[in-house]
Each structure stands twice: as C-alpha cells, then as structure tokens.
Amino acid sequence: VQLVESGGGLVQAGGSLRLSCAASGSTISINFNVMGWYRQAPGKQRELVAAFTSGGGITNYADSVKGRFTISRDNARNTMSLQMDNLKPEDTAVYYCRLRLGVLDYWGQGTQVTVSS
C-alpha cells in the first residue's frame, strides 16, 4: 500500500488549506483499524490530528483542532482529506496520513504545512 499526501504549503494565520491522501494498492473502504492524519512539529513527537477508527464508525480529533479541521474520505476515489480552516502558527508541522490494517501500518511521506503569523 502506498499513501501519497498533497496540498501542503505556506499560508497566513487565519487562512485555509486542504490536504489530500491518495491510497494505492488497497481499498480504503475495507474494514480498517485507523485511517487518519498525524503531524510532527520540529522537536516534538508525532501526534494525532484527526482519524477514523473502527472502519469509520468513530471519528477522533485533537482538542487543538476541534472546530477548525474536518476529516473526510471518498471511498470511490480511494482518498482521504483534511480541511484545515482558521490555521494558526502552532499548526505548523509535517502532516502525515496513516492507514492501519490489522498489524500492517502504512504512512505517507508527509507534506509540510507552514502557517505564518
């Protein structure tokens, strides 16, 4: 399975970006354990941003992004997206998409998001 992120970039505080993750080699509509977005800022650990779990039955958001970010998926296109609104400088990080299928854990290469103040 390959995951490829796109949509990162530089934006001013208060702006918006939409990240996309395209999956190949597997169908994301199957019963996954976790499918979501994570981020890692310089000097910090990778953290959950937003994710579907239990085949999509549960959606989790980090407290810091609730009300600003929205995760979605398109089974027909085999893609997952993250709409990020009202971005803040503290959202600056490399964003990764993840797909866990049982014991198999797949990550994308990451896309940089930089929010200037």
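The values are calculated or read from the model by the stated rules, or taken from the named source; none is laboratory data. Not measured: the values here are computed from a predicted model. FYI the Cβ positions are ideal-geometry reconstructions off the backbone, even for glycines, and counts take in every protein chain you see. Note: accessible area is taken over every heavy atom of the protein model, side chains too, but ligands, DNA and RNA are not part of it. Shrake-Rupley method; radii C 1.70, N 1.55, O 1.52, S 1.80 Å.
Looking at Ser16, is it farther than 17 Å from Gln2 by Cβ, surrounded by fewer than 15 Cβ atoms within 10 Å (Cβ to Cβ) and modelled with pLDDT under 95?
No; evaluated as a whole, the condition is false for this residue.
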Q. Right, Met84: in contact (Cβ under 8 Å) with a residue 40 or more places away in the chain, over 18 Å from Gly15 (Cβ atoms) and open to solvent by less than 30 Å² (accessible area, probe 1.4 Å) or not?
A. no
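How many residues are outside any loop (DSSP other than H, G, I, E, B) and either among the β-branched types (Val, Ile, Thr) or open to solvent by less than 20 Å² (accessible area, probe 1.4 Å) (or both) if we restrict to the range 53-78?
Here is the first cut: in the range 53-78, the residues outside any loop (DSSP other than H, G, I, E, B) are 53-56, 58-61, 69-74.
If we keep only those that are either among the β-branched types (Val, Ile, Thr) or open to solvent by less than 20 Å² (accessible area, probe 1.4 Å) (or both) as well, we get 53, 58-59, 69-71.
Here the count works out to 6.
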Q.
Among the residues in the range 30-46, are any aromatic (Phe, Trp, Tyr), open to solvent by less than 50 Å² (accessible area, probe 1.4 Å) and in a loop (DSSP other than H, G, I, E, B)?
A. yes
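In the range 83-117, what residues are among the hydroxyl-bearing types (Ser, Thr, Tyr) and in a strand (DSSP E or B)?
Those that are among the hydroxyl-bearing types (Ser, Thr, Tyr) and in a strand (DSSP E or B): Tyr95, Tyr96, Tyr106, Thr111, Thr114, Ser116.
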